[in-house]
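Asker: Right, I'll just put the structure down here and ask away after.
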Amino acid sequence: MKVTIEVTADDIANGKPGVCSLCPIALAILRALPGWGDATVTNWHVFPPDDGFAEIDLPSAACDFIESFDCLGQAAVEPFSFELDVPAELAPAGEIS
C-alpha cells in the first residue's frame with residue numbers, strides 16, 4: 001500500500017538530527033500512520049514498531065534528506081513528500097490518515 005509522507009516545515013523544526021525516532025521523516029510517518037505510535041528511521045529504512053523483522057526501504061530522495069539534515073542541519077533541507085510502500089499487514093485499513 002502506497003502512503004504519501006509529507007515532511008513539513010514543522011517536522012523539520014521539531015526534528016532531532018541523528019535521533020532515529022525523532023527525525024523529521026519519523027514525525028511525518030507517525031502523522032500519516034498514527035496507529036504505529038513509533039517508528040525508527042535509519043539512512044535507508046523505516047522499521048515499524050512491534051514487528052522486529054520488517055523493514056521498509058526509503059526512496060533515494062528521503063535518504064538524501066536524512067543525510068543533509070543529520071550532517072548540515074535544518075537550514076540544509078526543505079519540506080518535501082515521498083511515497084512509502086507499506087506492506088498491507090503493517091497498515092491495517094482505517095489506520096492511514
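Just so it is clear, none of the values below were taken in a lab; they were calculated from the coordinates. Predicted, not measured: the structure shown is a model, and the values here were computed from it. Neighbour counts are summed over all protein chains in view; Cβ atoms, including those assigned to glycine, are modelled from backbone coordinates with ideal geometry.
Asker: Send over the Kirkwood Rh of the chain, from the inverse of the averaged 1/r over different Cα pairs, rounded to one decimal Å.
Answerer: That comes to 13.2 Å for the chain.
Asker: Just to be sure I understand: with springs between alpha-carbon atoms less than 10 Å apart, which residue in Pro17, Pro34, Pro48 has the highest mean-square fluctuation in the Gaussian network model of the chain?
Answerer: Its mean-square fluctuation being the largest, the pick is Pro34.
Asker: Over region 2-90, what is the relative contact order in percent, taking alpha-carbon pairs closer than 8 angstrom and at least six residues apart?
Answerer: Value for region 2-90: 34 percent.
Asker: Then there's this: Select from Leu33, Pro59, Gly15 the residue farthest towards the positive end of the dipole of the chain; place +1 on Cβ of Lys and Arg, -1 on Cβ of Asp and Glu, and compute about the Cα centre.
Answerer: The one lying farthest along the dipole's positive direction is Gly15.
Asker: Provide Trp36, Trp44 in ascending order of the number of other Cβ atoms located within 10 Å of each residue's Cβ, fewest first.
Answerer: Fewest to most other Cβ atoms nearby, the residues stand as Trp44, Trp36.
Asker: Same structure again: Report the full-extension gain for the segment Ala88 to Leu22: residue separation times 0.36 nm, less the Cα-Cα distance, to one decimal in nm.
Answerer: 21.3 nm
Asker: Full extension from Asn14 to Ser68: what is 0.36 nm times the residue separation minus their Cα-Cα distance, to one decimal in nm?
Answerer: Length gained, Asn14 through Ser68: 17.9 nm.
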